[in-house]
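Everything on this sheet refers to the single structure shown next.
The values are calculated or read from the model by the stated rules, or taken from the named source; none is laboratory data. Note that the coordinates shown come from a computational prediction; the quantities given were computed from them, not determined experimentally. Neighbour counts run over all protein chains shown; Cβ positions are idealised from the backbone, glycine included.
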Amino acid sequence: MFKIYDVEEAKKTILRRAAPGQALEYPAALLDNLERIFGKGTTPPTAVTQILNSVRDGGDKALQQWSQLLDNANLETFSIPKESLAAAVNNLPLPLIIALQKAAERIRDFHSRQPLPNWQTAEMGGILGQRVTPIRRVGIYVPGGSAPLPSSLLMAAVPAQVAGVPEIIICTPPKPHPAILAAAHLCGLETVFQIGGAQAIAAMAFGTETVPCVDKIVGAGNLFVTLAKQQVYGVVGLDGLAGPTETMVIADERANPVWIAADLLAQAEHDPLAAAILLTPSRSLAEVVQLEVGRQLEELSRAEIIGQSLGNNGGAVVTADMETAVQLADDYAPEHLCLSVADPHSLAAQITNAGGLFLGEYSFEVLGDYAAGPSHIMPTGGTARFASPLNVLDFVKINSIIALDADTGRALSGIAAEIAQAETLTAHAAAAKRRMGR
């Protein structure tokens, strides 16, 4: 199940990313289920298109129909009353409430330190600068399928609040877990809708009689949520398109194999498509981790999911040296990169592509999932090459300020006219030339 690979074999299998534009291969059972619901020849993207169009045109009525058909939820109302959010806090164990509060405090503290600079200069002829303004209304999707994730609500809502977003709405699948409702209440949020899947994305993108349309949608979800976000991009802004979650661990011979195995198993329990990969120059460490994975797996409740994940997408890769491990990790650009080595800081300096860098064995990825401080919504699928974890900048816009004085405006008009003329944009050139004289 948890296989040990050499580098060349790993490059052809677990380290191989899909080529850009490569069509996904969907499981036969999924396609069969779609054909049963939507008709012959339906694929996930075409099913999502049908849902989006239906909600855009049919509003709340379409939402009710999809909730009944896809979530087996007969809903008279989508909105969850504020009183239910407050009541959820009282119905949860006190240690969980305290844990959610402490996590929210650390997330808020971390993101409050992120600079959002407004600046101006009078040194370029008049005033030039930038102004940072929060997005007016943001929608957050909180998964609630196989595992309810109140942590995902905190990780998206708190940075939005730090950025000053005045209106935040939450969508989460019907009959949400009390922990999700409690997390919303602890953040001071009041607008929560029990709507899941692609229909939730449609509601937030287009608006319905009940759900207001938003300016940006953030938060991870299943395949249909991701496809829906992809299709509404441009109607609304997005944080990114989340794929299956992934953790990569670089370890030396002194690393603790029991902890490494536990960390890999924690990642693999998310999803059969999740990736949990160890890179190490020590074959003996890889072999002990392999044994530990098998031993610890017997104690876990989601063993079937973990087995699929590790069997298809996980494993240990034995490298010639630490430099090779670093290069493989940087090429893979993992969502989470954990450095279980003697000097993690020097190794981190060699890494450019990773959503989150976890330095040392006490900075393990599970703490990043819940309580370290940075948002756990991070780039997947190799997009860490160009994308960042969710942060305060995702919830603001930058306005450029241009207030030139007359002398500078006249001086720049000749430059503008010259370039406009070269571009054969004669109206542009004429507008500039009219400012050139006094």
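A compact table of results
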| quantity | calculated |
| --- | --- |
| Within the range 208-247, tally of residues that are over 20 Å from M155 (Cβ atoms) and either aliphatic (A, V, I, L, M) or touching a residue at least 12 places away in the same chain (Cβ under 8 Å) (or both) | 13 |
| Candidates D331, D394 - the one that is part of a helix (DSSP H, G or I), surrounded by 17 or more Cβ atoms within 10 Å (Cβ to Cβ) and of a type in the set (D, E) | D394 |
| Output for the range 397-410, where each listed residue is exposed (fewer than 15 other Cβ atoms within 10 Å of the Cβ) and in a helix (DSSP H, G or I) | A406, D407, T408 |
| Filter pass, A157 being in contact with a strand residue (DSSP E or B) (Cβ under 7 Å, 6 or more places away or on another chain), crowded, with 23+ Cβ neighbours inside 10 Å and in a helix (DSSP H, G or I) | yes |
| Helices (runs of 4 or more DSSP H) (entirely within the range 28-104) containing at least 2 residues that are among the β-branched types (V, I, T) | 44-71 |
| Odd one out for P27, checked against (1) within 23 Å of G207 (Cα to Cα); (2) surrounded by fewer than 17 Cβ atoms within 10 Å (Cβ to Cβ) | (1) |
| One residue from A220, A303 being modelled with pLDDT under 95, in contact with a helix residue (DSSP H, G or I) (Cβ under 8 Å, 6 or more places away or on another chain), closer than 30 Å to S340 by Cβ and surrounded by fewer than 24 Cβ atoms within 10 Å (Cβ to Cβ) | A303 |
